[in-house]
Amino acid sequence: MVAGASNRDALVRARELALAGLLGALGLLLPIGFHALGWGGKIFLPMHLPVVVAGFLVSPATAVTVGFVVPLLSAVLTGMPPLSPPVAPLMALELAAKAGAASVFYRVLRLPLWVALAAAFVADWAVLALAAWFVAGLFAIKAGAIQYVAAAVVISLPGTILQVIAVPLTVLAIEKRVPRLRPAKRDETG
Amino acid sequence: MALAALEVTSLSYCYGQGASALHDISFRLAPGDRVALLGPNGAGKSTLLWCLVGVLRAQGTIVVDGTVLGPGTAAEIRAKLGLAFAEPEDQLFMPTVRRDVTFGPLAAGVGSEEASRAAEEAIGSVGLPAETLERAAYELSSGERRRAALASILVMDPLLLALDEPTNSLDARGRASLAGILLQLPCAQLVATHDLEFARALCARALVLVDGELVADTPMDALLSDTNGLQRYGLTAPLRTDDG
Amino acid sequence: MPHHLDLYVKRESALHRLDPRAKMLAAMGFVAAVLLVPTRPAWPTGALLLLLIGAAVLARLPARLVCRRMLSLVVVIGMPFLLSRLGGEATRAAGEQFAARSLLVAAAFLVLLASTRAVVLLEVAEHLPLVSVFGQLGEFILRGADLLTEEVVRTNRAWVLRAPSATLKVRLTGLTQASMSLLARAAARSERVGAAMVLRGFQSKLPMATPTPLSWSHLLAGLLFALISLGLAGVVRWR
């Protein structure tokens, strides 16, 4: 007789909350560290790193939540990114889409890591473009959405390169330590 | 005959790659028993405890106070069997100690006021002042964390308390204090430890695990006086005796 | 402070004693007013600033502390503001609006967080229907920040002891490796924490104590502050 059981859904949810909390905390702490060193947030995108990593390790719902909460919590606790102009809300949408896309492509569709990362970037830029188009009217921004996204991408190129290098390495390092987090196969236990 | 606090029959567990961690383990704990689970590192002590609470799915039968561990009874078992982790940090996951200690009662549907009262009682029972409840875990010393984590389990009034290496990072005074707290608890206790001195102070009986097999189930005094046996099991006798 | 990301300043003050829900209501009203009010003319913004200073005084917050906490933000916001001064009228107005709103909103949250523990605010959020999950995650983020900060301090101490005269290249390499290791350990820890939660009866939501009823006097105090702020904004808008 097979003894032992666990409420699997509750266990998965609990683990995700704990992991999301840690990575979310890093999403708050890294920008503080970068700013302290004088490395611009808009250039190196330090908040994006742990949030995108979270996207690869948790379910889409949790990933979207992490992406949404971290910029807003940072805005409230540290004042950056600012709530007005609505940089923080925009970043919240951006990171929610980015982390959510990474999770959907990697954990649900089980596509390779680099494909999911590319999808995450595309989701990010798409949200930026949509938001820029929408916000343009409110704030009388003269530049078009495409130009805005292009400018943002160019400015944040170092950050993008950092993510392309660091995110896969980090995800693989974590998966090596905790094989259960790999989406391909799931351990029988727990 | 009174129901056993814990009855384990033919328990076996294999890790993912087929490596056997536990093999055909059977033992019984009566209500109020204090039993040490001894063995060298890697013997399977922690794995056994994880199986008892159903986090690891093992083969065999586990019965806690008459309830057989199965897919539908895990919650019931966990209400009766509290497990103190080797790392208390892992059980202090909320921003304040109060949230940690009231977590169990609130999850069980206990009212807020009652949960708060129970938390205050539990924190007092482990020798910590009530103000500890308002503190964050990182502000506590390692001994205080261990006690706070223990309080978060004791608040549920478990029938059986399982402890995994409870004396890790505790000094002699901390160990003595912890032993004093545990000795006053009426619940049955299963203490996984390699600290024989602590085991001797607390437990009258010892289960010895070596390479996943239960090789001895014996009174503590008999085990400690068998030097050859200790050596065979990879255990080291305590440095000091009761005579000093 | 109780948490590394907590900005709470322990004081005995009327604002500290005010129910956190009333304070959040006041803060939301104030922030809405800041976002509605144009920066030209300057008097409504000035009035809002005075209102906020009044709240800070009520909270008995030391001026030096407030200034110190606002300083890094002033520096970050100052640059775009100064750049905007070089542009045309519209650019200057936009720059003023950006600076004023950013600083006022940040200052409002600073007063709120200095007079209320972050964990208390997150607990309030957990009881609100739409943002409950954010409050839950926020609590884990708060705890996560404590853990990570402790780990970083420990790792740094180990570095200082082990390699006091290491070159920058060696330090950066070591820092990268240590960071990866820290993240991997943190991920492994989350497995155990998840088990701990389930063993304590976690199903899908964090169990919460029933909130105490919000007293009328506290509610009115919060509402009054919010209404005064919004009233100022309304006066300017309707003119």
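Just so you know, all these numbers are worked out from the coordinates, no wet-lab data involved. Since this is a predicted model, take the numbers as computed values, not measurements. Reconstructed Cβ throughout: ideal geometry from the backbone, glycine too, with neighbour counts over all protein chains shown.
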note = Rounded to the nearest 0.05, FRET efficiency between C:His127 and C:Glu150 (Cβ-Cβ, R0 35 Å) equals 0.75
note = Along segment A:67-76, Karplus-curve 3J(HN,Hα) (6.51, -1.76, 1.60; θ = phi - 60°) to the nearest Hz, with x for Gly and Pro, reads x, 6, 6, 4, x, 5, 5, 5, 4, 6
remark   = Gyration tensor (Cα only) of the protein assembly as shown to equivalent ellipsoid, semi-axes in Å sorted down, yields 51, 28, 22
ask   = trypsin sites (Lys or Arg not before Pro), restricted to segment C:178-208: which are DSSP loop and have at most 15 other Cβ atoms within 10 Å?
value = C:Lys205
key: Built amide H within the under 5 Å cut-off of B:Ala216, gap 5+   = B:Val208
ask   = Quick one: helix B:142-154 against the long Cα principal axis of chain B, what's the angle to the nearest 10°, folded into 0 to 90?
value = 80 degrees
request  = Multiply the residue separation of C:Ala158 and C:Leu86 by 0.36 nm, subtract the distance between their alpha-carbon atoms, and state the gained length in nm to one decimal.
outcome  = 21.0 nm
note = For the pair C:Lys10 and C:Leu214, the simple spin-label estimate (label points 7 Å beyond Cα toward Cβ) gives in nm 2.8 nm
key: Distance between modelled label sites at B:Asp157 and C:Ala32, nm, 7 Å Cα→Cβ extension   = 4.7 nm
Solution diffusion estimate, µm²/s, Stokes-Einstein, chain C, Kirkwood Rh from C-alpha pairs, 4 °C, viscosity 1.567 mPa s = 61 µm²/s
note = Sequence order, segment B:29-46: Karplus ³J(HN,Hα) from phi using 6.51 cos²θ - 1.76 cosθ + 1.60, θ = phi - 60°, Hz rounded, Gly and Pro as x, gives 10, 7, x, x, 5, 10, 10, 8, 9, 10, x, x, 4, x, 6, x, 5, 5
ask   = Which of C:Gly174, C:Val131, C:Ala186 sits farthest toward the positive end of the charge dipole of segment C:131-199, with +1 on the Cβ of Lys and Arg and -1 on the Cβ of Asp and Glu?
value = C:Gly174
ask   = How large are Rg and Dmax for segment A:9-181 when only the alpha carbon atoms are used, in Å?
value = 15.6, 50
Hydrodynamic radius by Kirkwood, which averages 1/r over all alpha carbon pairs of segment B:6-232, in angstrom = 18.0 Å
Calculated FRET value between B:Arg232 and B:Glu134, using beta carbons and R₀ = 41 Å, to 0.05 = 0.25
Separation of alpha-carbon centers, segment B:142-156 and segment C:57-111, rounded to whole Å = 45 Å
query = For the modelled label position 7 Å from the Cα of B:Glu76 along Cα-to-Cβ, which residues of segment B:39-59 have backbone nitrogen atoms closer than 18 Å?
reply = B:52-55
inquiry  = As an exercise, use a Förster radius of 30 Å and the Cβ-Cβ distance of A:Asp9 and B:Tyr15 to find the FRET efficiency, rounded to the nearest 0.05.
reply    = 0.80
query = In this model, which of A:Lys98/A:Lys176; B:Lys80/C:Lys205; B:Lys45/C:Lys205; A:Lys42/C:Lys10 are farther than 26 Å apart at the alpha-carbon?
reply = B:Lys45/C:Lys205; A:Lys42/C:Lys10
note = Expressed in nanometres to one decimal, the distance between label points 7 Å along Cα→Cβ at C:Arg60 and B:Ala30 is 6.1 nm
note = Ranking B:Gly104, B:Ser20, B:Ala4 by how far each Cα lies towards the positive end of the charge dipole of segment B:1-134 (+1 on Lys and Arg Cβ, -1 on Asp and Glu Cβ), the top one is B:Ser20
query = In Å, what is the Rg of the alpha-carbon atoms in segment B:52-143, and how long is Dmax?
reply = 15.2, 44
request  = Once you have the Kirkwood Rh of segment C:131-199 from its Cα pairs, apply Stokes-Einstein at 4 °C and 1.567 mPa s and quote D in µm²/s.
outcome  = 93 µm²/s
